[in-house]
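Read the structure below first, then the notes.
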Amino acid sequence: MITYNVDGVKMPNIKKRDTSAWIKAVAASYGKKVGDIAYIFCNDDKILEVNRQYLQHDYYTDIITFDYCDDLAEMGIKDTISGDLFISLDTVRSNAEQQKTTYDEELHRVIIHGILHLVGINDKGPGEREIMEAAENKALELIHNS
């Protein structure tokens with residue numbers, strides 16, 4: 001089940017049913033089913049707090065993905081993704097301005113970025129950022145064509 005929650009911000013104007021169907025389609029394209037996915041839309045202050053408390057990182061970011069897939073795998077559930085995804089709408093807005101794209105486009109990019117992490121795509125090592133960007137672009141094409 002995919003849930004959409006807010007912490008200190010107004011719920012973004014997304015079509016939850018369509019977005020959930022898109023997320024499930026993207027996960028399926030990687031051979032995965034969607035288990036429990038919780039999106040928590042928040043502000044920069046909250047994401048910084050989460051980053052410091054759980055990851056010992058002292059900086060703002062657009063998304064933090066807590067991956068619970070290993071927990072499922074330990075229970076014998078290997079093809080299902082599960083996680084909590086914190087998204088700072090403040091950073092999404094500033095990234096959209098920097099990237100010269102729309103807020104909605106950037107929000108959808110970040111929404112799917114977390115899912116791509118859960119299916120096993122990383123973006124920190126050499127060459128991984130390009131792989132992640134290509135996967136994001138492919139996923140965004142799906143939502144535009146639906």
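Within segment 76-102, can you find the residues that are of a type in the set (Gly, Ala, Ser) and in contact with a Phe, Trp or Tyr (Cβ under 8 Å, 6 or more places away or on another chain)? Residues satisfying the conditions are Ser82, Gly83, Ser88, Ala96. Checked across segment 111-128, the condition of being touching a residue at least 12 places away in the same chain (Cβ under 8 Å) and small (Gly, Ala, Ser) holds for at least one residue.
Of all the residues in segment 55-87, those that are farther than 24 Å from Ala25 by Cα and either basic (Lys, Arg) or not in a loop (DSSP other than H, G, I, E, B) (or both) number 2. Only one of the numbered conditions (1) within 13 Å of the chain's Cα centre (by Cα); (2) part of a helix (DSSP H, G or I); (3) under 24 Å from Asn13 (Cβ atoms); (4) without any contact (Cβ under 8 Å) to a residue 60 or more places away in the chain is violated by Ala135, and that is (3). Is there a residue in segment 21-33 that is part of a helix (DSSP H, G or I), surrounded by 16 or more Cβ atoms within 10 Å (Cβ to Cβ) and among the aromatic types (Phe, Trp, Tyr)? For segment 21-33, residues part of a helix (DSSP H, G or I), surrounded by 16 or more Cβ atoms within 10 Å (Cβ to Cβ) and among the aromatic types (Phe, Trp, Tyr): present.
Yes or no: segment 35-48 includes at least one residue that is within 18 Å of Val110 (Cβ to Cβ) and loosely packed, with under 14 Cβ neighbours inside 10 Å. Yes: segment 35-48 contains one or more residues that are within 18 Å of Val110 (Cβ to Cβ) and loosely packed, with under 14 Cβ neighbours inside 10 Å. Just wondering, is there one or more residues in segment 48-55 that are free of Cβ contacts under 8 Å to residues at least 60 places away in the same chain, acidic (Asp, Glu) and touching an Asp or Glu at 6+ places or on another chain (Cβ under 8 Å)? Taking every residue of segment 48-55 in turn, none turns out to be free of Cβ contacts under 8 Å to residues at least 60 places away in the same chain, acidic (Asp, Glu) and touching an Asp or Glu at 6+ places or on another chain (Cβ under 8 Å). Could you please let me know if Ile47 is assigned to a strand (DSSP E or B), of a type in the set (A, V, I, L, M) and closer than 18 Å to His113 by Cα? Criteria not met by Ile47. Of all residues in segment 1-19, those satisfying the criterion of being part of a loop (DSSP other than H, G, I, E, B), closer than 24 Å to Leu142 by Cα and of a type outside the set (Lys, Arg) are Met1, Met11, Pro12, Asn13, Ile14.
Selection over segment 73-100 of residues that are in contact (Cβ under 8 Å) with a residue 60 or more places away in the chain and over 16 Å from Tyr39 (Cβ atoms) gives a count of 0. For the residues Ile64, Ile143, the requirement of being buried (at least 17 other Cβ atoms within 10 Å of the Cβ) and at pLDDT below 95 singles out Ile143.
The values are calculated or read from the model by the stated rules, or taken from the named source; none is laboratory data. Being a predicted model, the structure only gives us computed values, none of them experimental. Here the Cβ is made from the backbone with ideal geometry for all residues, glycine too, and neighbour counts use every protein chain on show.
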